[in-house]
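Down below is the structure, laid out as structure tokens.
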Amino acid sequence: MLPVISNQTARRLFLHRHALAEAPVGLATGEALHDLIHRIGFVQVDSINTVARAHDMILFARRQSYQPEALKRLLERDRSLWEHWTHDASILPVGLHGVWQHRFTRDAARLQANWKRWFRDGYEAQFDSILNRIAKDGPVGTADVGEGEVRGKGGWWDWHPSKTALEWLWRTGQLAITRREGFRKIYDLTEHVIPQVHRAEVPGEIVVDWACGSALDRLGFGTSGEIAAYWNAISPEEAKAWSRAALASGEVIEVEVEGAEGQRRRMVARPEMVGEAAPEVTTRLRILSPFDPALRDRDRAEFLFGFRYRIEVFVPEPERIYGYYVFPVLEGDRLVGRIDVKAFRDAGALRVKAFWPEAGIKLGAGRTAKLEAELDRLARFAGCARVEFLDDWQRATLVTASL
């Protein structure tokens, strides 16, 4: 029989590896902040700012002393972090640049196949002129290139050729993001941004071993598909082959992990994890970004926590079940609900439109007090002086809702 990891133990081990088991206290500057990001792997960047940017929410949920200036310093002055693509734009430790270079070649082939269908012609002709301009005059943003072009009025598919060229050169590693102005990316030559010691390419076979091993260490346990998806750096087939070889060598073993509904799923784990004591988990309640690394894999979150979450940003308003941008709520080792909250900084108020508890969760006096305390902390982080609750903000659980 395979070793069985109970659901509560699995949840706690997973949260511990994502720095969500302990209380959100401690240093969040310099080396401590870098180490936190290394521990969770990456921090996704997103433009939506209903309360705070996704990367800031992710870090605040783990260290409530965090301030955005500390992250900016590591990215733009110390150069110990950099920005590139995992599943989406993300902030990563700069030490990963060497293993990321295989992605530059891979992405070039993928972009070549797709972007000619998606974007207007002419961007390839801009490559050399943009690189030469940056080499001569310094960093640029999209507003600095493409003079004389007729700008389209469509969405991302209607980028002008110079913007497409900048994104291509960034995605394929020839440019790097040197800073952001507001949320606007400013690009420079990679050698001006990434320290030389981190620019050496890592051989492909080492990349696969790193991608699988480091993903498993952050997941605790996983299927080959979950391991491949963690960094989105290798193919599912490569992860399957790695898992087979690691099982044969004894580097990993098979286990059965219990899901929230009592179902079991066969996964792999390090041998030393079997019998590992489930860490104590803080009883603090905290509000998570929809793009939190612990929730990025929606299917895994549903399996472990029984929490079905789908972001509704792109769902027409009349068809939304919860709201435009609703935040998951974590209490201890359980996802207990979701909350629709938005910062109105001009009015100095963080406004709570609705809170939906999960099935079986009651918003009693104790839990309400913890939620209100967390909202007060979040309001201060978002630059608001107070929290306002709209009428009828306490909602019933939508047990039949399905997105």
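Yes or no: segment 372-387 includes at least one residue that is assigned to a strand (DSSP E or B), among the aromatic types (Phe, Trp, Tyr) and under 16 Å from residue 287 (Cα atoms).
Within segment 372-387, none of the residues are assigned to a strand (DSSP E or B), among the aromatic types (Phe, Trp, Tyr) and under 16 Å from residue 287 (Cα atoms).
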> Only one of (1) part of a helix (DSSP H, G or I); (2) closer than 30 Å to residue 225 by Cα is not met by residue 368, so which one is it?
Replying inline: (2)
> Residues of segment 176-198 being under 16 Å from residue 96 (Cα atoms) and in a strand (DSSP E or B), which ones?
Replying inline: 176, 177
> How many residues does segment 357-387 hold that are touching a residue at least 60 places away in the same chain (Cβ under 8 Å) and either within 16 Å of residue 340 (Cβ to Cβ) or exposed (fewer than 12 other Cβ atoms within 10 Å of the Cβ) (or both)?
Replying inline: 5
> Taking segment 203-241, which residues are in contact (Cβ under 8 Å) with a residue 60 or more places away in the chain and either of a type in the set (Val, Ile, Thr) or touching a Ser or Thr at 6+ places or on another chain (Cβ under 7 Å) (or both)?
Replying inline: 206, 207, 231, 232
>> So, in segment 324-355, exactly how many residues are at pLDDT below 95 and either in contact with a helix residue (DSSP H, G or I) (Cβ under 9 Å, 6 or more places away or on another chain) or among the charged types (D, E, K, R) (or both)?
In response: 1
>> Let me spell it out: the conditions are (1) open to solvent by 30 Å² or more (accessible area, probe 1.4 Å); (2) within 21 Å of the chain's Cα centre (by Cα), and residue 293 meets all of them except one. Which number is the exception?
In response: (1)
> How many of the residues making up segment 86-107 are open to solvent by 40 Å² or more (accessible area, probe 1.4 Å) and within 19 Å of residue 212 (Cβ to Cβ)?
Replying inline: 4
> Which members of segment 296-314 meet the condition of being open to solvent by 40 Å² or more (accessible area, probe 1.4 Å) and either touching a Leu at 6+ places or on another chain (Cβ under 8 Å) or within 18 Å of residue 228 (Cα to Cα) (or both)?
Replying inline: 296, 298, 299, 308, 310
>> Go through (1) more than 19 Å from residue 5 (Cα to Cα); (2) at pLDDT below 95 for residue 292 and report which single condition fails.
In response: (2)
> Among 206, 234, 194, 227, which is open to solvent by 40 Å² or more (accessible area, probe 1.4 Å) and either among the β-branched types (Val, Ile, Thr) or under 28 Å from residue 292 (Cβ atoms) (or both)?
Replying inline: 206
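Could you identify the single residue in 277, 260 that is under 18 Å from residue 4 (Cβ atoms), open to solvent by 60 Å² or more (accessible area, probe 1.4 Å) and among the hydrophobic types (A, V, I, L, M, F, W, C)?
277
The values are calculated or read from the model by the stated rules, or taken from the named source; none is laboratory data. It should be emphasised that the depicted structure is a prediction, and the values quoted were computed from it without experimental measurement. Backbone-built Cβ (ideal geometry, glycine too); neighbour counts: all protein chains shown. Protein only, heavy atoms only, side chains kept; ligands, DNA and RNA dropped before computing areas. Shrake-Rupley method; radii C 1.70, N 1.55, O 1.52, S 1.80 Å.
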